[in-house]
1. What's the number of the condition residue 25 fails, among (1) over 24 Å from residue 140 (Cα atoms); (2) touching a helix residue (DSSP H, G or I) at 6+ places or on another chain (Cβ under 9 Å)?
2. Given the criteria surrounded by fewer than 20 Cβ atoms within 10 Å (Cβ to Cβ), modelled with pLDDT under 90 and either touching a strand residue (DSSP E or B) at 6+ places or on another chain (Cβ under 8 Å) or not in a helix (DSSP H, G or I) (or both), does residue 421 qualify?
3. Within the set of pairs 6 or more residues apart or between chains, which connect a residue that is in the same structural domain as residue 170 (by TED's automatic domain parsing) inside the range 192-204 to a residue that is surrounded by fewer than 22 Cβ atoms within 10 Å (Cβ to Cβ) and outside any helix (DSSP H, G or I) with Cβ atoms less than 6 Å apart?
4. If we scan the range 54-76, do we find a residue that is in a loop (DSSP other than H, G, I, E, B), more than 16 Å from residue 137 (Cβ to Cβ) and not assigned by TED's automatic domain parsing to the domain that holds residue 333?
5. For residues in the range 11-25 being in contact (Cβ under 8 Å) with a residue 24 or more places away in the chain and within 20 Å of residue 174 (Cα to Cα), which is farthest from the chain's Cα centre (by Cα)?
6. Look through the range 127-140, keep the residues that are at pLDDT 95 or above and surrounded by fewer than 22 Cβ atoms within 10 Å (Cβ to Cβ), and return whichever of them is farthest from residue 192 (Cα to Cα).
């Protein structure tokens, strides 16, 4: 395969900058972004033993990708209960998610630094029989080292922003070299499929978004009953996964709603729960869930906890899927509220999930709001017109029903790559 200057430059940079990685990770730990007690894992040092038997390694970035990985693990286990799994992720929130799910025969580690000596230690230690990269986590040194050892690799549910895809096309030799390492590759959407197919020089089929087949978020029945009693008959809506700048828009919309519905309640669930105190201050010292403060008669409630988004989607008949009100944010996953029958409102900046939002829009499964005024109007309409709300919820449900076939096909393809299965379960789809 032809020489790639970009790839060579990257690999050189990781050697030159590698010695400073410890300082960088320590600084992140000081900010609460790394688990200081597990920093050794970032350097390929582990305090647990490799599980015996066939080991499937899945690599994911953060919470969303980890959810897909865990669902794949459950499905693969259902077909072959002898498999063991290693799940590497990059964030503390994803580690928390894996710990809460607590699946049997699954070991979680933090992703190794993409540095030659570190990835060699990682692979020496775990010796995976299959490597599965979820969505957009493509680390050159890790991938090339795994390929050199003969580890079959797969890229599943590839989903990248237009900017990232353009970078791949700007570095065609590097892109082709890396994408050709995957024995199986599939995309979540048409845009990613077409771009990666051009770079790879071989098909990257758009099977569909695997998140469509993921189970609904967990809802704690006891916690739901308690909150429902606190809220009573008040009209309520949720602003989910908000970013700085979006909280202000949601609060402005809520002020307009309270002009005609003075007892209305807005629940704000920030994308990063550590922002809870700052949002509470914006909202006039609003009560915070992380502090176990009751809602009372407060007009705004801050849901600054992890692992409870399902609870709030289930409580709120209307939910803003944030990360979409400002151009720099590119949107968040609308599947979670759809599975819990919350009517979806979104901003117009949804490039990261464009195909999915296009399908929802075409089916009438989402309402688009561009500012505080249109957001308030959308919530008001969905509160007052139950038939319209039910129709939108039903349409969204119809769109997400299409993910099951993609999920099943992906599981089949992954199992076919395992050494003991490769000769008995031929691939059924082009890779």
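The values are calculated or read from the model by the stated rules, or taken from the named source; none is laboratory data. Everything numeric in this text was worked out from a predicted model, so none of it was measured. For neighbour counting, all protein chains shown are included, and Cβ atoms are generated from backbone atoms with ideal geometry for every residue, glycine included.
1. (1)
2. Working: surrounded by fewer than 20 Cβ atoms within 10 Å (Cβ to Cβ): yes; modelled with pLDDT under 90: yes; either touching a strand residue (DSSP E or B) at 6+ places or on another chain (Cβ under 8 Å) or not in a helix (DSSP H, G or I) (or both): yes.
Taking the combined requirement at face value, the residue satisfies it.
3. 192/160; 193/206; 197/203; 203/430
4. Step one: of the range 54-76, the residues in a loop (DSSP other than H, G, I, E, B) are 54, 60-62.
The next check asks that each one be more than 16 Å from residue 137 (Cβ to Cβ); those that pass are 54.
The next check asks that each one be not assigned by TED's automatic domain parsing to the domain that holds residue 333; those that pass are 54.
Yes; the residues of the range 54-76 include at least one that is in a loop (DSSP other than H, G, I, E, B), more than 16 Å from residue 137 (Cβ to Cβ) and not assigned by TED's automatic domain parsing to the domain that holds residue 333.
5. The extreme case among them is 15.
6. 127
Table: residues versus (1) assigned by TED's automatic domain parsing to the domain that holds residue 271; (2) touching a residue at least 60 places away in the same chain (Cβ under 8 Å); (3) within 23 Å of residue 272 (Cβ to Cβ).
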{"position": "326", "(1), (2), (3)": "yes, yes, yes"}
{"position": "357", "(1), (2), (3)": "yes, no, yes"}
{"position": "372", "(1), (2), (3)": "yes, yes, yes"}
{"position": "376", "(1), (2), (3)": "yes, yes, no"}
{"position": "386", "(1), (2), (3)": "yes, no, no"}
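Yes/no matrix, rows are residues, columns are (1) surrounded by 14 or more Cβ atoms within 10 Å (Cβ to Cβ); (2) more than 14 Å from residue 340 (Cα to Cα); (3) within 26 Å of the chain's Cα centre (by Cα):
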residue: 380; (1), (2), (3): yes, yes, no
residue: 386; (1), (2), (3): no, yes, no
residue: 393; (1), (2), (3): yes, no, yes
residue: 396; (1), (2), (3): yes, no, yes
